Amino acid sequence: MKVLFLGEITAKAGLDAVRDGLRPYVKEQGVDLVIANGEGVTSGFGIGTQHAMTLFKYGIDIITGGEKIFFKLDMQEFITRKDRILRPANYPGDVPGRGCRFYNVGSQKVSVINLLGMTDFNCHLDNPFPQAEFLVSKALEQTPFVFLVFHAGTTAEKASMGYLLDGKASAVIGTHTKVMTADARLLPRGTAYISDNGRCGSFMSVGGFAPENEIQKFTTGLYRRSTECFDDVRLQGALVEVGPDGRAVSISAVNLPVGKKEQS
């Protein structure tokens, strides 16, 4: 089984990257399942219902999100009707949606778990580490294919989660920083791991945004609206191959240029 984990889809350029680059790559590599962090697709801050439906149309199977998952208010109701969108599982139980579900991929059942880390966020949820152990152990009762997306702010927190679940989860994939790390690897007991799988969108940018306004924020301390950037659009992520026993066979970084576009 091959699973593609796309990095955070950032604004219109990220949407273009998925539209233009995903289906050819999936066909070429024989990908069975596509999981993507979509919480930045709507102008870089949140995900609206229309953009979620567009991502499904472009070939994404499951959308995950972190601290920005509910930035667009219509998602609070929409997520209750779309089981292919996962909020962090460590939100309180009465928050709309779910963070752990089973899906059918061909003849196989897989579990996808989404969790939010403890550092770098304004929302403070339950400790994700005991949650991860519990959810993975319950998932393993039904399938050996368990994939965990960990949206966290530090590499130390994400690496700790990877080693905690080594030999239990098939893959632990870090998201949030929107900068791909160079540490994609198989952990000793067979779990595929990367600290951050990057972003889909403009590579020559500041987190997907035009540099000019981001520079002004840091040099003046004044708020300025981030603007979308379309320079050097890329599809980034991690491709994981998993054997029939649920252990990862390989993990490789994906960094695919899909054209250079100017804003219209």
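Every number in this text was worked out from the coordinates using simple rules, so none of it is lab data. A quick note: this is a predicted structure, and the numbers were derived from the prediction, not measured. Methodologically, a virtual Cβ is constructed for each residue, glycine included, from the backbone with ideal geometry; neighbour enumeration extends over all protein chains shown.
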Please work out the C-alpha center-to-center distance from the stretch 214-236 to the stretch 132-189 and express it in whole Å. 30
What does the charge count around residue 181 come to, taking other residues whose C-beta lies under 10 Å from its C-beta (Lys +1, Arg +1, Asp -1, Glu -1)? -1
Label 7 Å along Cα→Cβ of residue 23; the stretch 34-57 residues with amide nitrogen under 14 Å? 54-57
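Determine the gain in length on full extension of the stretch residue 102-residue 77; use 0.36 nm per residue of separation and subtract their C-alpha separation, reporting nm with one decimal. If you can, show how the numbers build up before the last one.
Values: separation 25, 0.36 × 25 = 9.00 nm, distance 2.08 nm.
That works out to 6.9 nm of additional length.
Report, for the chain, the % of DSSP beta bridges that are antiparallel, rounded to 5. Before the final figure, lay out the partial values.
Values: 26 of 51 bridges.
Of all bridge pairs located within the chain, approximately 50 percent are antiparallel.
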Hey, could you get me the Stokes-Einstein D for the stretch 86-196, Kirkwood radius over alpha-carbon pairs, 20 °C and 1.002 mPa s, rounded to whole µm² s⁻¹? 153
Quote to one decimal, in nm, the extra length available between residue 141 and residue 45 on full extension: 0.36 nm per residue of separation minus the C-alpha distance between them. 30.9 nm
With label points built 7 Å along Cα→Cβ from the Cα atoms of residue 133 and residue 227, find their separation and express it in nm. 5.0
Where a Cα-Cα gap under 13 Å defines reach, which aspartates and glutamates qualify for residue 57, not counting those fewer than 8 residues away within the same chain? 16, 20
Using only DSSP helix segments of four residues or longer, with each worth -39500 (n - 2.57), what per-residue ellipticity at 222 nm results for the chain after dividing by its residue count and rounding to 500? -7500 deg cm²/dmol
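Using every Cα-Cα pair within the chain, state what percent have a distance larger than 32 Å.
Details: 5457 of 34716 pairs.
Here the tail beyond 32 Å accounts for 16 percent of pairs.
Take the cross-link list 68/109; 82/138; 68/178 and give me the ones stretching past 19 Å between alpha-carbons.
Values: 68/109 28 Å; 82/138 22 Å; 68/178 14 Å.
Exceeds cut-off: 68/109; 82/138.
Taking the Cβ of each residue in 155, 191, 119 as the centre, tally the other Cβ atoms inside 10 Å and list the residues starting with the fewest.
By the 10 Å Cβ count, ascending: 119, 155, 191.
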Using alpha-carbon positions, the gyration tensor of the stretch 152-264 gives root eigenvalues a ≥ b ≥ c; with a/c under 1.5 called rounded, otherwise prolate if a/b exceeds b/c, else oblate, the class is oblate
